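There's a structure below that I have some questions on.
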Amino acid sequence: MRFLVDEQLPIALAHWIADRGYVAEHVSEVGLSMQPDHTIVRHAACTRAVIVTKDEDFVASTLRGETVTVVWLRVGNVRNRILLARIEAG
């Protein structure tokens, strides 16, 4: 399984996912920093990646017409270690 971590989440999350045996990249690592959501969706669709985001607008506005899976993390602004601990806890 492949993951694409959106801009407002830390690169550390992509590395954390990769450390668990998955292919994971942060948008900044693939040249998509500061790109509009539809460009990120297109990239995810082409690479068959699951988008990991915490942007509600991203979920609502970009899924029209593309078949991609989105994991919407509904957490506020937290430190990386707290974010990763919450994800790991399930």
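Bear in mind that the values in this text are calculations on the coordinates, not laboratory data. Just so we're clear, the structure is a prediction, and the values are computed from it rather than from any experiment. Ideal geometry is used to build each Cβ from the backbone, glycine not excepted, and the neighbour counts take in all protein chains shown.
Would segment 62-79 turn up any residue that is surrounded by 13 or more Cβ atoms within 10 Å (Cβ to Cβ), in a helix (DSSP H, G or I) and of a type outside the set (A, V, I, L, M)?
No, the conditions are met nowhere in segment 62-79.
May I pose another question? How about segment 23-61: which of its residues are more than 13 Å from the chain's Cα centre (by Cα), surrounded by 14 or more Cβ atoms within 10 Å (Cβ to Cβ) and not in a helix (DSSP H, G or I)?
Gln35
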